[in-house]
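First comes the structure, then the notes that go with it.
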């Protein structure tokens, strides 16, 4: 009798109810996504308001925090990004230069492909994902622990705005860090790409290689690159700080909040990158 009941409980839903089952599942996921989007959007507006209203408040306290976050999201990650630039130059740029030279298309398409792959897409996205993995997750853990241990309530009791103290330095630091690291990664990748091509005896002169890169770049590439990287930094900082600070957490809930923050940050960055692709195509 118990085995029969266990079999009935483990049996999949009938085919007639599969459509409703999956519809309800998708509906719940969409509803949760809309709730998270509403929360993150409200948190972003609050952060913007605090940045504007308290721009000159407690500068002697906030400035060292901003410098620390720029160092953490930028300077301290330079060795890791140097390795990433060398690897990316070998895997992508060096192979691309070699292939285009063999088919006789290096003089026509090399600069355009390098700008499209490295400057517009791969460089900013890879930088954002690496900073998210290294610094964004730390934001959730640190702020979630501070919230769980009552540090946020202690600051509020002292009259200190937690958003001004915790969030604003992280937003500014991550935006500046991702912008600087993207430039660093792009330059390192393009340079190491030619180095790997030179090792493979590809018959292309350094002057021709970098002249094609310069000819393929436009002023809009620099403007959109700056806007994209700063927006990536702002999105990652807002989402990770929201999941660590805006919601009351217990210590055992921090890991799940970190997973949610990483997933939502990746989705938001990819969606924003799609908008910039449309901007590139329409300009």
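The values are calculated or read from the model by the stated rules, or taken from the named source; none is laboratory data. If you're wondering where the values come from, they're calculated on a predicted model, not measured in any experiment. Here Cβ is always computed from backbone atoms with ideal geometry, including for glycine, and neighbour counts include all displayed protein chains.
Let's see how each residue does on (1) modelled with pLDDT under 95; (2) in contact with a helix residue (DSSP H, G or I) (Cβ under 8 Å, 6 or more places away or on another chain):
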{"site": "168", "(1), (2)": "yes, yes"}
{"site": "181", "(1), (2)": "no, yes"}
{"site": "196", "(1), (2)": "yes, yes"}
{"site": "201", "(1), (2)": "yes, no"}
### Message
From the list 117, 131, 141, 92, exactly one residue is out of contact with any strand residue (DSSP E or B) (no Cβ under 9 Å at 6 or more places or on another chain), on the phi < 0 side of the Ramachandran plot, surrounded by 20 or more Cβ atoms within 10 Å (Cβ to Cβ) and in contact (Cβ under 8 Å) with a residue 24 or more places away in the chain. Which is it?
### Response
131
### Query
Only one of (1) at pLDDT below 85; (2) in contact with a helix residue (DSSP H, G or I) (Cβ under 7 Å, 6 or more places away or on another chain); (3) under 16 Å from residue 142 (Cβ atoms) is not met by residue 237, so which one is it?
(1)
### Message
Against the condition in contact with a helix residue (DSSP H, G or I) (Cβ under 9 Å, 6 or more places away or on another chain), within 22 Å of residue 82 (Cα to Cα), part of a helix (DSSP H, G or I) and touching a residue at least 40 places away in the same chain (Cβ under 8 Å), how does residue 215 come out, does it pass?
### Response
no
#### Entry: Selection status of residue 254, part of a helix (DSSP H, G or I) and over 15 Å from residue 176 (Cα atoms)
yes
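Which residue, of 207, 215, is over 26 Å from residue 283 (Cα atoms), out of contact with any strand residue (DSSP E or B) (no Cβ under 9 Å at 6 or more places or on another chain), surrounded by fewer than 19 Cβ atoms within 10 Å (Cβ to Cβ) and modelled with pLDDT under 90?
The match here is 207.
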### Query
Of the residues 249, 224, which is part of a helix (DSSP H, G or I) and either buried (at least 19 other Cβ atoms within 10 Å of the Cβ) or out of contact with any strand residue (DSSP E or B) (no Cβ under 6 Å at 6 or more places or on another chain) (or both)?
224
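In the set 103, 92, 119, 115, which member is modelled with pLDDT of 75 or more, within 30 Å of residue 215 (Cβ to Cβ) and over 31 Å from the mean Cα position of the chain (by Cα)?
Going through 103, 92, 119, 115 in turn, the sole match is 103.
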### Message
Can you tell me which of (1) in contact with a helix residue (DSSP H, G or I) (Cβ under 8 Å, 6 or more places away or on another chain); (2) assigned to a helix (DSSP H, G or I); (3) farther than 20 Å from residue 40 by Cβ is the one residue 154 doesn't meet?
### Response
(1)
### Task
Would you mind finding the one in 23, 7 that is modelled with pLDDT under 80, part of a helix (DSSP H, G or I) and over 30 Å from residue 266 (Cβ atoms)?
7
### Summary
Per the list (1) part of a helix (DSSP H, G or I); (2) over 30 Å from residue 281 (Cβ atoms), residue check on residue 89 breaks on (2)
### Message
Would you confirm, using the coordinates I've provided, whether residue 97 is buried (at least 20 other Cβ atoms within 10 Å of the Cβ), in a helix (DSSP H, G or I), at pLDDT below 90 and within 21 Å of the chain's Cα centre (by Cα)?
### Response
no
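Taking residue 63, is it part of a helix (DSSP H, G or I) and at pLDDT below 80? Explain how you work it out, then say what you get.
Details: part of a helix (DSSP H, G or I): yes; at pLDDT below 80: no.
Considered against the rule, which asks whether it is part of a helix (DSSP H, G or I) and at pLDDT below 80, residue 63 comes out as no.
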